[in-house]
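Written out below as structure tokens is the structure these notes cover.
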Amino acid sequence: MAADPAVANGGNRLRFHLRVPFPSALEARIALGSLQPDREPRKGGIERRLSVQGRELRVQWEADEARILRVSISSFLDHLALVLLTMERFGPPRDPAGEAELTGAVSPASAP
């Protein structure tokens with residue numbers, strides 16, 4: 001997991017960027033789908049954007065106040081930890097036929 005420090009820009013908004021690597025692009029998209037529905041409860045003062053680039057989940061925050069930014073990041077990290085634990089418990093995703101893991105492994109049935 002990589003994070004760029006929060007910095008104030010010219011408009012006095014604080015920014016924080018987080019990158020979370022996953023074993024596969026599919027797992028990054030699954031995490032995005034699980035985390036994206038959670039909107040910020042506060043209407044103003046903070047904005048959060050999620051995206052996937054390759055195998056990385058990327059999150060960007062902009063906030064008016066450090067306290068609001070800290071609470072939002074902390075809450076997001078709690079949700080992310082739960083998503084990661086759930087994905088770990090269920091194991092790697094499988095293709096629809098259930099023959100091979102989508103992370104590039106070959107199942108015994110398809111091995112030469």
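Structure notes:
- Residue match in the range 42-61 (condition: open to solvent by 60 Å² or more (accessible area, probe 1.4 Å), in a loop (DSSP other than H, G, I, E, B) and at pLDDT 95 or above): yes
- Within the range 81-94, residues that are assigned to a helix (DSSP H, G or I) sit with their Cβ atoms under 6 Å from residues that are surrounded by 15 or more Cβ atoms within 10 Å (Cβ to Cβ), at 6+ positions apart or across chains, in these pairs: VAL83/ALA31; VAL83/SER34.
- Pick from the range 4-16, criterion part of a strand (DSSP E or B) and open to solvent by 60 Å² or more (accessible area, probe 1.4 Å), ranking: modelled with the lowest pLDDT: ALA8
- Only residues that are surrounded by 15 or more Cβ atoms within 10 Å (Cβ to Cβ), hydroxyl-bearing (Ser, Thr, Tyr) and under 13 Å from the mean Cα position of the chain (by Cα) were counted in the range 62-82, giving 0.
- Condition check for ARG29: within 12 Å of the chain's Cα centre (by Cα), over 25 Å from ASP64 (Cα atoms) and either in a loop (DSSP other than H, G, I, E, B) or modelled with pLDDT of 75 or more (or both): yes
The values are calculated or read from the model by the stated rules, or taken from the named source; none is laboratory data. None of these values were measured; they are calculated from a predicted model. Neighbour counts run over all protein chains shown; Cβ positions are idealised from the backbone, glycine included. Just the protein is used for accessible areas: all its heavy atoms, side chains included, with ligands, DNA and RNA removed. Shrake-Rupley method; radii C 1.70, N 1.55, O 1.52, S 1.80 Å.
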